[in-house]
Structures are given as structure tokens and as C-alpha cells.
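The block underneath contains the structure these notes are about, expressed in C-alpha cells.
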Amino acid sequence: MKFNYSLDNKRYHTFNYHLKKKFNNKVAKISLNAGFTCPNIDGKVGYGGCIYCSKSGSAEFAGNIEDSLIKQFYEIKEVMDKKWKNLKYIAYFQAHSNTYASVDVLKEKYESILKIKDVVGLFIATRPDCINEEIINYLSQLNKRTYLVVELGLQTIHDKTSKLINRCHSLSCFEEAVKKLKQRNIEVVVHIINNLPYETKEMMLDTIRYVNKLKVDGIKIHMLFISKNTPIEKLQDKYHIFSMEEYIDIVCDQLELLDEKIVIHRITSDPDINTLIKPTWLVNKRSILNNIDKELLKRNTYQGFNTSILNRFRQIIINNINESDIVVDATTGNGKDCLFLSTIVKKGFVFGFDIQEEAINKTTNLLNKNNIKNYQLFLNDHQNIDKILNKYKNKISLVVYNLGYLPKSKSNIMTKKESTINSIKASLKLLNNKGFILVVAYPHDEGKKEKAEIYKLRKYNYIVNEYKNTTNDLAPVLLEIKKQSCHITPQLTEI
Ligand code: SAM
């Protein structure tokens with residue numbers, strides 16, 4: 001598998017690929033400390049800053065604040081030039097909030113750097129509450145002259161966490177800033193932090209779903225770390241801190257969910273080893289990056305994989321169904337799911353049901369065209385599944401339902417709440433001890449009723465898990481139904 005947006009065989013949209021496409025030249029970022037402060041430190045909106053922020057304003061490796069910007073720039077450039085020839089540069093205004101000053105001050109600082117030969121861009125890290133109308137107009141002018149990227153801190157979309165970490169700005173303020181920048185065609189990179197105290201995996205995934213919706217250009221994914229002399233030090237034993245494995249697992253889940261067009265500027269954190277308290281595994285950056293690559297390879301997934309519910313549906317089947325299993329497609333429709341299932345159970349068998357002759361004919365043609373032999377289709381209501389497959393009680397490993405209408409058909413025959421739930425209950429009687437049911441349900445009126453009926457199975461001690469890949473209420477969802485005694489580990493989360 002080769003991911004489209006990568007030069008180096010990574011399974012995510014790398015910043016290197018993005019730069020190479022844009023400049024066709026090696027480009028290096030030089031981190032600067034322009035001496036700005038932050039409205040969350042000086043009392044304008046808060047005191048003490050975010051609870052994890054160090055005195056340097058999260059810029060441990062930027063230039064020395066005592067030196068002029070030009071001196072900082074040339075000192076780092078000299079080191080870089082020894083390593084690479086014909087470099088171009090992006091100046092990175094990194095420490096604290098780099099738009100927290102008057103436009104005159106900003107102009108003086110940015111323009112002094114832009115004059116330097118071979119500087120091709122400016123990256124400006126700031127807070128969403130430090131971008132007013134005058135500043136945005138100036139940034140808009142700058143954007144026409146150079147490659148401009150504004151990096152905005154979001155960290156989390158959850159109010160409770162935001163309060164706990166003392167962010168002191170609202171989600172709507174962030175959203176406004178993104179909108180204003182995007183209206184001026186300025187590239188926006190958003191910062192998020194994983195493992196903020198008390199956040200669950202689902203909360204972290206929700207932050208990604210939100211980022212997808214905003215259509216930002218890039219993302220920096222950080223792991224929260226605790227440094228000496230930061231307010232979060234006192235919380236260090238009060239919440240669970242991820243192991244490297246846990247971090248890699250959540251980052252891979254986030255990548256699978258993230259829109260493939262969003263450029264990954266960072267995927268782990270770079271703490272200062274001299275002040276780092278926890279987690280110490282963060283210093284092994286190479287190993288973290290390699291393990292992320294290995295995990296995606298193992299899962300055979302990539303950035304954006306789970307933006308399609310169908311990919312997720314297929315991945316669950318690939319991970320849990322063996323080639324000798326017997327499986328059922330309870331709604332064969334055009335036959336695509338049947339065909340997929342038959343490629344997985346090469347030595348097993350596929351049964352299919354549909355109430356429409358058109359569907360059975362289409363599925364038969366598709367399977368025959370692909371030389372599939374191990375199948376049998378029934379032109380019958382799937383409510384009769386347990387009677388028709390009576391001989392296969394305790395032998396079926398999977399039943400799939402793709403609810404709704406037959407795609408590309410004029411017919412208005414669709415699955416219905418009552419027959420769907422009757423059929424699911426009948427299917428449950430046929431499952432073996434690793435058997436489960438997967439349902440793709442749509443959010444039209446009948447689909448909502450079907451979903452509600454399926455959820456009622458929980459009252460009878462069945463496990464019903466749901467997966468949604470977006471916050472968009474109009475998108476289909478994937479449901480997993482199984483008996484409490486089922487051997488397979490949950491693939492979807494309970495919501
Ligand atoms: N999985 C299909 C594919 O890959 O093309 C799409 C299935 S389509 C969304 C839903 C199908 O369910 C329709 O073909 C419809 O005829 C069928 N259907 C509706 N009610 C049914 C029932 N009670 N028993 C069996 N099939 C039913």
C-alpha cells in the first residue's frame with residue numbers, strides 16, 4: 001500500500017511532502033523567540049498561562065531571547081548550512097503568542113526576517129484571541145508576499161478540560177479565528193494535545209472529528225508532558241499518563257479518522273530532557289515515529305482510512321473472519337458486500353438474502369463474473385433467516401446488514417424497523433461463539449427507528465457498539481451486535 005500524500009512511504013500526509021511539492025527544494029524551519037508574551041500570562045485574559053506551559057512559552061529549542069531576531073536566525077542557519085546545501089528557510093515565530101502586539105511591532109519583527117535572502121515563508125504561532133481585524137488585514141497582505149502559515153492552539157474541544165488546563169478562550173473564539181484566516185486564504189495549522197488530564201480516547205477522537213469539519217490545512221499532534229516548575233506538576237499522580245504503546249494506539253486511531261488532505265506537521269512532542277518529569281519515553285522520538293509507522297502497517301490502514309465507514313466495515317471483517325468461516329449477507333442489494341465476503345471466506349461459504357429479484361439477479365451476476373463458487377442466495381425475507389439456515393445453528397460467524405434502499409434502483413423497497421429487528425434477533429440464534437453482526441444504518445426516518453430498535457437489544461444483555469466517523473448527523477453509522485459471551489474483542493466503542 002502506498003499513501004498518496006507521502007514521499008517517504010509514510011502512511012500519513014507528511015509535512016516534507018507538502019514542502020517538497022510547494023518549493024521543490026529542501027526547506028528548513030528556524031525557530032525564533034521574538035520576545036512576545038501571552039494574554040494568558042500578563043492578566044489580559046488570565047494569569048499563569050496554560051498549566052503545562054514552560055517559562056519559555058513552549059519554545060525550548062528556539063533562539064535566545066537576549067539576541068536580536070537576525071542574530072538568532074543566522075546562528076541557527078549557520079548550523080543548518082553545514083548539513084545541507086542550497087537550503088531555503090521558513091522563519092518560525094514560536095515562543096508564546098506571536099501576534100500579541102500592535103501591528104507596528106509585528107511589522108518590524110516579521111519584515112526584518114523576510115528581508116533575509118532565501119527566507120521563503122513565515123510560520124506564526126499564536127492564540128485565537130490574539131487576532132483582531134487590524135492584525136488579520138496585515139496578515140492578509142503578508143500572505144500575498146510570502147508563504148504564510150498561522151498556527152493556532154486549540155489543544156481540546158472539551159470545555160471541562162479547557163478550564164482545567166487554564167486555556168482561557170472559548171471554542172467559538174477558536175472557530176472565529178479559523179474562519180477569518182481561511183476567508184483570507186491563509187493556511188491554518190491547529191495544535192492539539194493528547195492525554196490531557198481525564199480525557200477519554202473518545203474525547204480525543206472527537207477533537208479530530210471537529211478539526212476535520214473546520215477544514216484546516218495542517219495539524220500538530222502533541223503528547224502532553226510534565227516539565228519541572230509548571231503548574232501541571234502537581235497533577236502528575238492524579239491522572240493516568242499514557243505508555244508509549246497507548247499513545248501510538250490513539251495517534252493511529254486519530255490518523256485513521258483525520259481527513260487525508262490535512263498535513264501532519266508534528267505527531268509527537270519534543271520536551272527538554274533537562275526539565276522533563278513525565279513521560280520519559282517521549283525522548284525516544286525516532287522510536288515513537290517508527291512505532292507509529294509499524295502500527296499503521298500492522299493495521300494496514302492510513303490517514304483518512306476511517307473517513308469511509310465502508311473501510312471500517314471491511315477492516316473489522318478482515319480482522320475477525322477466517323477463510324473457513326460461514327457468513328451471511330442479509331441484504332445483498334447490488335452484491336458488492338457479498339463479493340467482498342466471498343474473497344475473505346475462500347474456503348468457507350456465503351449465504352445471501354434479498355426480497356427483490358433484481359437484487360438477487362445483480363448479486364448472482366456479479367459473483368459469477370468474479371468466478372465465485374462458494375455461495376447460495378435466497379430470494380426471501382431475511383426475517384426467515386433462522387428457519388432457512390436452521391442447519392447452521394451455532395455455525396455462522398458473521399451476519400451483515402446494509403440497511404435502506406437498493407442503490408441505483410428505481411424501486412422504493414427498503415428495510416423496515418420491524419422486519420430488521422426480527423431478522424437480527426433470528427440471526428443472533430445462528431451465531432457461533434465468536435459470531436457477531438455488523439449493521440450499516442442510515443439517518444433517514446426509518447433508519448433512525450431501526451437504530452433505536454437495535455439499541456433496545458441491550459435490555460436483553462446483548463452488546464451493541466456504535467462507530468461514527470464524523471460529527472455529521474447525516475452520515476451513516478456502523479453498529480456491532482454480539483452476545484455477551486462472544487470471543488472477539490470489541491471493534492467499536494459503546495456510545
Ligand atoms: N449490501 C448491498 C450492496 O452491497 O449493494 C446494499 C443493500 S441495500 C442498501 C438494502 C437491500 O435490502 C435492498 O436490496 C432491499 O431489497 C433489501 N431488503 C429490504 N428489506 C428486506 C427484507 N425484509 N429481507 C431481505 N432483504 C431486504
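The values are calculated or read from the model by the stated rules, or taken from the named source; none is laboratory data. On a predicted model such as this, the values are computed, not experimentally measured, just so you know. Using ideal geometry, Cβ is built from the backbone for each residue, glycine included, and neighbour counts are taken over all protein chains shown.
So in region 427-451, with the set limited to residues that are within 19 Å of LEU310 (Cβ to Cβ) and among the aliphatic types (A, V, I, L, M), which one is farthest from the ligand (Cβ to nearest atom)?
The residue in question is ILE437.
Can you find, within region 354-382, the residue that is nearest to LYS417 (Cα to Cα) among those that are in a helix (DSSP H, G or I) and in contact with a helix residue (DSSP H, G or I) (Cβ under 7 Å, 6 or more places away or on another chain)?
Step one: list which residues in region 354-382 are in a helix (DSSP H, G or I), which gives 357-369, 382.
Narrowing further to those that are in contact with a helix residue (DSSP H, G or I) (Cβ under 7 Å, 6 or more places away or on another chain): 363, 366-367, 382.
On the way: THR363: 24, LEU366: 28, LEU367: 29, HIS382: 13 Å.
Here the answer is HIS382.
Among the residues that make up region 377-396, is at least one of them surrounded by 17 or more Cβ atoms within 10 Å (Cβ to Cβ), in contact with a Cys (Cβ under 9 Å, 6 or more places away or on another chain) and at pLDDT 95 or above?
yes
Go through region 389-408 and report how many residues are touching a residue at least 60 places away in the same chain (Cβ under 8 Å) and either more than 34 Å from the chain's Cα centre (by Cα) or at positive phi (or both).
Of the residues in region 389-408, 4 are touching a residue at least 60 places away in the same chain (Cβ under 8 Å) and either more than 34 Å from the chain's Cα centre (by Cα) or at positive phi (or both).
Is there any pair with a first residue in region 471-495 that is closer than 23 Å to LYS429 by Cβ and a second that is of a type in the set (D, E, K, R) and modelled with pLDDT under 65 whose Cβ atoms are under 9 Å apart and which are 6 or more apart or on different chains, and what are they?
From residues that are closer than 23 Å to LYS429 by Cβ, there are no pairs.
What number of residues within region 423-442 satisfy the criterion of being polar (S, T, N, Q) and outside any strand (DSSP E or B)?
If we filter region 423-442 for residues that are polar (S, T, N, Q), which is where we start, we get 423, 427, 432-433.
Of the ones still in play, those that are also outside any strand (DSSP E or B) are 423, 427.
Counting residues in region 423-442 that are polar (S, T, N, Q) and outside any strand (DSSP E or B) gives 2.
For region 244-285, give me each residue that is modelled with pLDDT of 95 or more, closer than 26 Å to TYR210 by Cβ and among the polar types (S, T, N, Q).
If the condition is that a residue be modelled with pLDDT of 95 or more, closer than 26 Å to TYR210 by Cβ and among the polar types (S, T, N, Q), then GLN254, THR268 are the ones that fit.
I need the full set of residues from region 52-78 which are modelled with pLDDT of 80 or more and among the aliphatic types (A, V, I, L, M), in order please.
LEU69, ILE70, ILE76
Please determine, by comparing only the residues of region 383-426 that are basic (Lys, Arg) and out of contact with any helix residue (DSSP H, G or I) (no Cβ under 7 Å at 6 or more places or on another chain), which one is nearest to the ligand (Cβ to nearest atom).
LYS408
Take LEU379 and decide whether it is under 38 Å from the mean Cα position of the chain (by Cα) and within 10 Å of the ligand (Cβ to nearest atom). Walk me through it before giving the result.
Values: under 38 Å from the mean Cα position of the chain (by Cα): no; within 10 Å of the ligand (Cβ to nearest atom): yes.
When the stated conditions are applied, LEU379 does not pass them.
Which pairs have Cβ atoms under 7 Å, sit 6 or more apart or on different chains, and link a residue in region 148-175 that is at pLDDT 95 or above and of a type in the set (Val, Ile, Thr) to one that is crowded, with 17+ Cβ neighbours inside 10 Å and assigned to a helix (DSSP H, G or I)?
VAL150/LEU139; VAL150/LEU181; THR156/SER162; THR156/THR207; ILE157/ASP206; ILE157/THR207; ILE157/TYR210
Name the residue that is nearest to the ligand (Cβ to nearest atom), counting only residues in region 326-340 that are among the β-branched types (Val, Ile, Thr) and either in contact (Cβ under 8 Å) with a residue 60 or more places away in the chain or closer than 20 Å to ASN433 by Cα (or both).
Taking region 326-340 and keeping what is among the β-branched types (Val, Ile, Thr), we get 326-328, 331-332.
Imposing the further condition that a residue be either in contact (Cβ under 8 Å) with a residue 60 or more places away in the chain or closer than 20 Å to ASN433 by Cα (or both) reduces the set to 326-328, 331.
Values: ILE326: 18, VAL327: 13, VAL328: 11, THR331: 3 Å.
This residue is THR331.
Looking at ARG209, is it over 21 Å from the mean Cα position of the chain (by Cα), of a type in the set (Lys, Arg) and at pLDDT below 95?
It is false that ARG209 is over 21 Å from the mean Cα position of the chain (by Cα), of a type in the set (Lys, Arg) and at pLDDT below 95.
Can you find even one residue in region 250-262 that is in contact (Cβ under 8 Å) with a residue 24 or more places away in the chain, in contact with a strand residue (DSSP E or B) (Cβ under 6 Å, 6 or more places away or on another chain) and farther than 24 Å from LYS468 by Cβ?
no
Of the numbered conditions (1) within 16 Å of the ligand (Cβ to nearest atom); (2) in a helix (DSSP H, G or I), LYS456 satisfies every one except a single condition; which is it?
The number of the failed condition is (1).
Being within 16 Å of the ligand (Cβ to nearest atom) and part of a helix (DSSP H, G or I): is that true of ASN291 here?
For ASN291, the condition - within 16 Å of the ligand (Cβ to nearest atom) and part of a helix (DSSP H, G or I) - is not met.
Would you mind stating whether GLN315 is more than 14 Å from the ligand (Cβ to nearest atom), surrounded by fewer than 19 Cβ atoms within 10 Å (Cβ to Cβ) and within 23 Å of GLY404 (Cβ to Cβ)?
Against the criterion (more than 14 Å from the ligand (Cβ to nearest atom), surrounded by fewer than 19 Cβ atoms within 10 Å (Cβ to Cβ) and within 23 Å of GLY404 (Cβ to Cβ)), GLN315 qualifies.
Listed here are the residues, each with its yes/no results for (1) crowded, with 17+ Cβ neighbours inside 10 Å; (2) modelled with pLDDT of 95 or more; (3) out of contact with any Ser or Thr (no Cβ under 9 Å at 6 or more places or on another chain); (4) outside any helix (DSSP H, G or I).
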{"position": "THR301", "(1), (2), (3), (4)": "yes, no, yes, yes"}
{"position": "VAL328", "(1), (2), (3), (4)": "yes, yes, no, yes"}
{"position": "SER342", "(1), (2), (3), (4)": "yes, yes, yes, no"}
{"position": "LYS347", "(1), (2), (3), (4)": "no, yes, no, yes"}
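Any residue in region 341-349 that is away from the ligand (no atom under 16 Å from the Cβ) and at positive phi?
The answer is no, given that none of the residues of region 341-349 is away from the ligand (no atom under 16 Å from the Cβ) and at positive phi.
This table checks each residue for (1) modelled with pLDDT of 95 or more; (2) within 24 Å of SER419 (Cβ to Cβ); (3) surrounded by fewer than 19 Cβ atoms within 10 Å (Cβ to Cβ).
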site: ILE437; (1), (2), (3): yes, yes, no
site: TYR442; (1), (2), (3): no, yes, no
site: TYR460; (1), (2), (3): no, yes, yes
site: HIS487; (1), (2), (3): no, no, yes
site: THR493; (1), (2), (3): no, no, yes
